[in-house]
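Any read-out appearing in this document is the output of simple, stated calculations on the displayed coordinates, not a laboratory observation. Everything numeric here is computed off the predicted structure, so don't read it as measured data. Using ideal geometry, Cβ is built from the backbone for each residue, glycine included, and neighbour counts are taken over all protein chains shown.
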Amino acid sequence: MAIQGISSIATQPILPPVLTPTEAASPAGGAASSFGRLVHDAVRHVESGQAHATSSIQDLLTGKSQDLLPVVAEVANADMSFKLLMAVRNKVIEAYKQTINMQI
């Protein structure tokens with residue numbers, strides 16, 4: 001069993017790409033749908049990362065894959081993506097609560 005170098009590990013970005021300036025500068029109605037789409041894409045990305053990690057673990061356990069390093073990298077990537085998504089969610093909820101408690 002040969003050990004692969006770090007460069008051979010396929011890495012995925014943690015979050016989907018940021019909106020382009022034309023998408024970010026859309027009117028207020030478009031901004032809400034753009035934000036909703038951005039959140040939806042982020043959740044889908046985390047979900048697909050979790051699915052890839054699960055399939056990598058199953059492949060390792062069933063013997064389809066013998067290399068542990070890519071499996072560990074997939075699981076770590078999925079864990080980091082999930083933690084980042086939860087941190088963003090918590091910040092959005094905190095900002096919403098502060099906005100609600102603001103006196104006019």
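Observations on the model:
- Ranking T54, P70, A95 by how far each Cα lies toward the positive end of the dipole of the range 27-100 (charges on Cβ) leaves A95 at the top.
- Measuring nothing but how far apart in sequence close Cα pairs (under 8 Å, 6+ apart) lie, relative to its length, the range 27-100 scores a relative contact order of 32 percent.
- Computed with the Debye formula from one identical point scatterer per Cα of the range 27-100, without solvent, the log10 of I(q)/I(0) at q = 0.17 Å⁻¹ comes to -0.74.
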